Structures are given as structure tokens and as C-alpha cells.
Amino acid sequence: MHRIARLVVSAALLGAAGLTATAMGAEHASADPSPASLCPDAVTATFGPNVCVFTPSMPQAAIQADADAIYAQQTDNEMGTARYALLFEPGTYGSATSPLDIRVGYYTEVDGLGQDPSGVLINGGVTAIGKNGSGALDTFWRSVSNLTIHVVPTADACHTGNEMWAVSQAAPMRRVDVKDFTTFMPYCENPNYASGGFVADSKLEGGALNGSQQQFYVRNTDLGTGGWSNYVWNQVFSGDINAPAQDFGAGAAYTTLAQTPVSREKPYLYIDGSGAWNVFVPSPQTNSAGPTWASGHTPGTSIPLSKFFVASPSDSVSKINNALSRGLNLLLTPGVYNVDSQIKVKRADTVVQGLGFATLTAGNGNSVLTTADVPGIDISGLLVDAGPVNSPVLVQIGTLNGNNGQPHNRPDDPTALQDVFFRVGGPHVGKATVSLLVNTDNTILDDLWIWRADHGVAGSVGWTVNTADTGLVVTGDHVTATGLFVEHFQKYNVIWAGEHGEVIFFQNELPYDPPTQADYEHNGVLGWAAFKVADWVRSFQGYGMGSYIFTNVNPDIHVSHSFEVPVTPGVQMNDLLTINLSGPGTIDHVINDTGGPVSSANKDVASQVVSYP
């Protein structure tokens with residue numbers, strides 16, 4: 001009954017998902033400057049001109065100049081096409097008297113190349129900041145990982161007096177050891193808003209300032225002697241050391257789980273003792289706490305770079321698929337890939353990794369990537385864009401029925417997606433019925449931002465322009481999401497139709513732009529729930545889940561409830577909230593018919609439900 005029911009739901013949602021796409025012409029040339037001139041002092045031969053590899057023997061002034069040049073181009077390049085990865089070979093950079101400050105703009109990844117974070121030490125900072133006028137609300141699409149930071153202030157002591165990683169969505173911090181205090185709030189800006197971040201597998205030894213962060217998720221991280229400073233609306237912790245105690249309800253906003261039930265850290269590049277390049281694939285963990293590297297090397301498997309096809313945006317999908325069919329893994333170097341047919345990942349334990357926010361853009365209403373129902377596939381570091389022709393599904397993990405009803409996947413070798421981000425609209429017109437469809441059992445979704453754009457270049461955003469029903473559909477069983485951000489979709493933002501699912505941290509904004517209530521209602525229900533657990537599901541757990549409304553196009557829009565679930569003992573929802581953002585729009589209930597309304601009468605104040613049912 002369960003399998004049949006979920007097949008019907010998926011078929012209704014996906015429509016003509018099996019249609020074959022036709023070829024697309026070349027994208028217009030980027031208006032961005034040639035990247036070859038932006039890091040002339042770095043080594044770029046290994047991965048091309050957009051991957052800048054620095055060594056400790058390089059003059060620090062040259063490293064600083066290269067990083068500054070990339071930041072100057074990328075600081076306001078929110079919807080541009082340039083992409084960069086700044087990689088630091090093992091060693092020490094900067095000093096107490098001459099700090100190195102790596103400022104990180106849009107579509108910029110900063111990584112150390114040691115096997116552990118101790119392999120690269122930066123005396124100075126890796127800094128992500130907001131902009132005057134918006135704080136960090138639009139500080140997206142950048143990352144830092146696998147290095148140690150000892151904070152040394154520069155002349156701009158406000159931004160560099162602490163490790164400042166003041167970001168919102170799609171800006172993860174992973175495998176970082178900060179020896180000093182960390183702030184996630186852009187306290188130098190006015191206003192100093194911030195709206196959501198993600199930290200995993202790290203040590204913030206001096207503690208962290210949450211500050212103005214409306215919501216934030218911290219996983220498997222040691223928060224040091226300083227701990228976590230404060231809450232706003234929704235702060236969620238799992239498997240953390242020195243995390244604040246559970247305290248949700250009556251205005252308090254901490255959701256704390258002592259362990260993370262299942263996780264798989266993101267693969268990462270490193271250079272071994274012989275100077276060879278490798279990709280390290282961490283092993284899955286269950287019921288874990290603290291960083292994977294706290295007591296030695298992260299457990300896992302090292303894969304030599306020779307086992308990867310290193311792709312560039314000029315490579316065709318057929319060339320990429322031929323490499324995958326030969327048993328190679330896939331490393332996508334920075335850039336925008338016009339994908340006119342599916343990248344097909346069929347082999348168990350295949351690694352697909354993007355560098356520098358490598359971006360796959362659907363060409364003709366096609367899916368950009370699909371996988372077979374096999375264990376251990378790992379997909380990370382990608383940005384997926386819908387194209388102007390509607391895609392029924394942008395990325396599909398597994399088939400609806402597995403292999404004749406017997407999926408070849410195992411809980412001890414889960415498929416995982418880490419830091420995979422989706423956009424429908426924003427840089428250009430985009431349309432997609434469903435962004436991500438997860439059919440495979442035992443899948444981990446770790447830090448996903450699935451976004452129907454609420455802003456972008458002129459003409460790319462509007463109720464009838466960037467059309468998108470649903471961000472995420474899950475039909476697989478035993479799927480776990482740790483850090484799930486899904487926003488602005490025109491029907492259900494998330495449909496969860498598999499059994500034994502678990503979500504730890506969910507952040508949602510409902511669509512800003514319904515023109516009328518008639519355009520945004522169904523079957524007598526006002527609006528659409530942000531998160532729908534299918535009626536037949538009998539086992540699901542949710543923790544720390546928030547949904548917000550801001551309908552500035554029509555302030556009179558009502559949504560009956562943000563969470564819609566079957567009332568059954570096995571479906572347990574914990575620490576839920578809704579918020580009215582600054583006035584327009586009303587959510588009548590938090591979950592089903594439970595929880596008070598949020599509207600202009602109580603704007604920016606959470607309506608909370610501690611547990612349901």
C-alpha cells in the first residue's frame with residue numbers, strides 16, 4: 001500500500017518527467033573578466049584558471065593581492081557567472097605581525113589541502129561579511145573548509161577582530177578550527193541582519209556569537225569554552241560539544257540533540273605526504289558527537305585524483321557520461337555548465353564533487369543529474385539552476401521503484417548530498433516543477449538550499465515567470481535531512497512521502513508573490529503548507545522547523561498552516577514555529593489546526609508549538 005501510494009503521488013507531481021530533451025545552443029559569453037588575470041601568482045595548471053592553488057613559499061603580498069582581486073570582482077557579483085576556488089597547500093600563511101585576510105565573495109570556495117584542518121594555518125582570517133543596507137541577508141554561495149584560523153586583526157579591525165563568517169543560506173563552514181572567537185553576525189554593518197547559516201565538523205574554540213542570526217544549524221561541532229551566545233527564532237544543534245541546553249517554547253529557541261543520528265561528511269581534496277592529489281571520502285556515522293577529526297584522521301577512504309574525470313564547462317554531457325561509464329568519479333571545476341541532457345551516475349560509491357560552486361544549468365526542460373539505486377553515491381558542492389523551459393525534475397536520486405522493488409542501497413553505505421543548492425530564477429528565467437526528487441532509501445541530505453528566487457536580474461522573477469511547484473519530494477524510506485532550507489515555492493515547498501524520515505533543522509519562507517488568494521489555495525485550504533508529510537506516512541521525526549510569511553504583493557494572503565501532517569503516534573514534530581516577517585500576510589496555524597496565528601498584529605514574534613501531536 002505504501003509503495004503504491006507514493007508512486008501515485010510522484011507520478012502526479014512529475015508529469016512528463018521521462019520526455020527526452022533536445023540540444024541547446026551555447027550560452028552567451030560571460031561578461032565577467034577573464035579569470036586568468038585574477039590570480040596570476042597562484043598555481044592554476046592542475047584544475048584550470050578558476051582554481052587558484054597557493055603554497056606557503058609564495059610571497060604573502062602576492063597571495064593577498066590575488067585574493068583581493070577575486071573578492072573585488074565577486075563582492076557584488078550575486079547573479080554573475082564567474083566561479084572560483086582558492087586552495088591552500090599545507091603550511092602556514094600570514095603571521096602575528098603580517099596577517100593574511102582572505103575576504104570571500106560570491107561563488108568563492110576557500111579550502112585547505114591538508115588531510116586534517118591542522119594541515120593549513122592561516123594567521124589572519126577568512127572573512128565573509130554583509131553589505132550596508134541588507135546586513136548578511138543576501139550573503140549566499142561561498143564556503144570555507146579544512147583549515148585552522150588564528151585570528152589576527154588587520155587595519156580593518158572591526159571585520160577582522162574576530163573570525164567573522166556573517167552569512168545566510170548556501171554558505172557553509174566545514175572542518176574549520178578557529179582558535180579564537182567567531183561571529184556569525186555582521187556587527188559592523190547597519191542594519192546587521194543575518195538569516196541562516198550552517199556549520200559542521202568544526203571546532204570554534206573561543207565560542208561563537210549568534211547575534212542577529214534568525215536561524216542557524218550547528219552539527220558535530222565543538223563550541224569551545226565560549227559556547228553559543230544567544231538565540232533569535234530557531235537555533236538547532238545536533239551532536240555538538242558545549243552546545244546550549246534544550247530550551248524551546250515561551251519565546252526560547254534552542255533545539256538541542258545530544259547526537260546526530262546519521263551523517264556523512266563532505267568529501268574533500270587534499271595533498272598527501274608524497275605530494276599527490278587525492279579526494280578523501282569520510283565514512284558514514286551514526287549517533288555521533290563532535291568533529292570527525294578531533295582524535296585523529298577522519299575515518300574514511302582516500303581516492304587518488306587519477307580516478308576522477310576532471311571536467312570543465314566546455315565538456316559535453318556525453319563526454320562526462322562516458323567517463324562515468326568507465327568507472328571514473330567526477331570533479332567539476334568552477335564555471336557554468338550548460339547541461340542539455342542528464343548526467344547519469346550509475347555506479348555504486350561514485351563521487352561527484354563540484355569546486356567553486358560549479359553550476360549545472362538545465363538546457364531544455366531536462367533533468368541535469370540522475371542516479372541509479374545503488375549505495376554510497378556522494379554528490380557535493382554543486383549549484384543547480386533551472387532553465388527557461390520547464391524541467392519536471394532538476395535532480396533525481398534513484399528510481400521510483402528501485403531495481404524492481406529491491407533498491408540496492410544499504411544503511412551502512414548511504415547515498416549523500418552535501419552543499420547542493422538549487423535555484424529557480426535569479427540569474428535568468430527558470431522553471432521547474434520539482435527541484436529535487438529523492439527516491440533512494442538511506443539517503444542523507446546535508447545542507448541543502450532549494451530556492452525559488454524572490455529576487456534576481458530584471459525579468460527573472462515573478463509569479464508567472466519563475467514557476468515552480470515544489471522544492472523537494474522524498475519518496476525513499478530512512479531519508480535524513482540535516483540542515484534543510486527550502487523557500488518560496490508555489491505549492492508545497494516539501495512533500496515527504498517516505499517512511500522513517502527525519503529532519504533536523506528546517507528553514508522556510510513561503511512565496512512572497514501570490515497575486516490573489518484564488519491563485520494560492522487548494523481544496524478549501526488557504527495557501528499551501530511549507531512542509532507536507534504524506535497522509536499514509538506512519539513514521540517521521542522533525543526537530544527545529546520554522547516557516548515564515550511575507551506576502552508583499554498582496555498583504556491580505558492567508559495560509560491555513562505551515563506544517564501539514566497525519567495525526568498518528570509515529571509522526572512526531574518537535575519545536576515548530578511560524579513568523580510574520582514585517583507585516584504582510586497571515587499564517588493561521590502552525591501545524592494542522594494547532595498553534596496561534598502570526599500576522600501584522602504580532603509581526604516578528606514566533607508562534608511556537610513545542611511538540612505535536
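The values are calculated or read from the model by the stated rules, or taken from the named source; none is laboratory data. These numbers come from a predicted model, not from an experiment. We place every Cβ from the backbone using ideal geometry, glycine too, and count neighbours over all the protein chains shown.
Take residue 450 and decide whether it is under 21 Å from residue 367 (Cα atoms), out of contact with any Gly (no Cβ under 8 Å at 6 or more places or on another chain) and in a strand (DSSP E or B). Criteria not met by residue 450. Restricting attention to region 47-64, the residues that are within 14 Å of residue 101 (Cβ to Cβ) and without any contact (Cβ under 8 Å) to a residue 24 or more places away in the chain total 1.
Every residue in region 172-208 that is at pLDDT below 95 and under 20 Å from residue 544 (Cα atoms), please.
194, 195, 196, 197
Here the condition is being closer than 21 Å to residue 252 by Cα and either outside the structural domain of residue 474 (by TED's automatic domain parsing) or over 27 Å from the mean Cα position of the chain (by Cα) (or both); of 601, 606, it holds for 601 alone.
Of these, 431, 491, which one is touching an Asp or Glu at 6+ places or on another chain (Cβ under 7 Å) and in the same structural domain as residue 382 (by TED's automatic domain parsing)?
The unique qualifying residue is 491.
Can you confirm whether residue 460 is part of a loop (DSSP other than H, G, I, E, B), closer than 25 Å to residue 317 by Cα and modelled with pLDDT of 95 or more? So residue 460 fails the test. Among the residues making up region 260-297, those that are over 27 Å from residue 544 (Cα atoms) and either among the aliphatic types (A, V, I, L, M) or within 21 Å of the chain's Cα centre (by Cα) (or both) are 268, 269, 271, 276, 279, 280, 281. One residue stands out among those in region 87-105 that are without any contact (Cβ under 8 Å) to a residue 40 or more places away in the chain and at negative phi: the one that is nearest to the chain's Cα centre (by Cα), which is 105. If you scan region 362-373, which residues turn out to be out of contact with any Lys or Arg (no Cβ under 7 Å at 6 or more places or on another chain) and over 12 Å from residue 434 (Cα atoms)? Passing the criteria: 362, 363, 364, 368, 369, 371, 373. Quick check on region 259-278. Is at least one of its residues among the acidic types (Asp, Glu), buried (at least 20 other Cβ atoms within 10 Å of the Cβ) and on the phi > 0 side of the Ramachandran plot? Looking for residues that are among the acidic types (Asp, Glu), buried (at least 20 other Cβ atoms within 10 Å of the Cβ) and on the phi > 0 side of the Ramachandran plot, one finds none in region 259-278, hence no.
Looking at region 171-230 only, could you name the residues that are farther than 25 Å from residue 285 by Cβ and of a type in the set (Gly, Ala, Ser)? 194, 195, 206, 211, 212, 226, 229 - these are the residues of region 171-230 that are farther than 25 Å from residue 285 by Cβ and of a type in the set (Gly, Ala, Ser). Against the list (1) of a type outside the set (D, E, K, R); (2) over 22 Å from residue 432 (Cα atoms); (3) touching a residue at least 40 places away in the same chain (Cβ under 8 Å), the condition residue 524 fails is (3). For residue 139, the conditions (1) assigned to a strand (DSSP E or B); (2) crowded, with 24+ Cβ neighbours inside 10 Å all hold with the exception of (1).
One residue stands out among those in region 220-255 that are among the acidic types (Asp, Glu) and assigned to a strand (DSSP E or B): the one that is surrounded by the most Cβ atoms within 10 Å (Cβ to Cβ), which is 222.
If you go through region 106-124 one residue at a time, do you hit one that is touching an Asp or Glu at 6+ places or on another chain (Cβ under 6 Å) and aromatic (Phe, Trp, Tyr)? I'd like the intermediate steps shown before the answer.
Taking region 106-124 first, the residues touching an Asp or Glu at 6+ places or on another chain (Cβ under 6 Å) are 106, 113, 117, 124.
Retained after the next criterion (residues that are aromatic (Phe, Trp, Tyr)): 106.
Within region 106-124, one or more residues are touching an Asp or Glu at 6+ places or on another chain (Cβ under 6 Å) and aromatic (Phe, Trp, Tyr).
With respect to the conditions (1) crowded, with 20+ Cβ neighbours inside 10 Å; (2) more than 17 Å from residue 554 (Cβ to Cβ), residue 457 lacks only one, and its number is (1). Every listed requirement among (1) among the charged types (D, E, K, R); (2) within 23 Å of the chain's Cα centre (by Cα); (3) more than 25 Å from residue 169 (Cβ to Cβ) is met by residue 412 save one, (2).
So that you can scan it fast, the table gives a plain yes or no per residue for (1) touching a Leu at 6+ places or on another chain (Cβ under 8 Å); (2) more than 27 Å from residue 455 (Cα to Cα); (3) crowded, with 23+ Cβ neighbours inside 10 Å:
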| position | (1), (2), (3) |
| --- | --- |
| 502 | no, yes, no |
| 522 | no, no, no |
| 542 | yes, yes, yes |
| 545 | yes, no, yes |
| 552 | no, no, no |
| 555 | no, no, no |
| 564 | no, yes, no |
| 569 | no, yes, no |
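Considering each residue of region 15-29 in turn, none proves to be under 22 Å from residue 171 (Cβ atoms) and either surrounded by fewer than 21 Cβ atoms within 10 Å (Cβ to Cβ) or at pLDDT 95 or above (or both).
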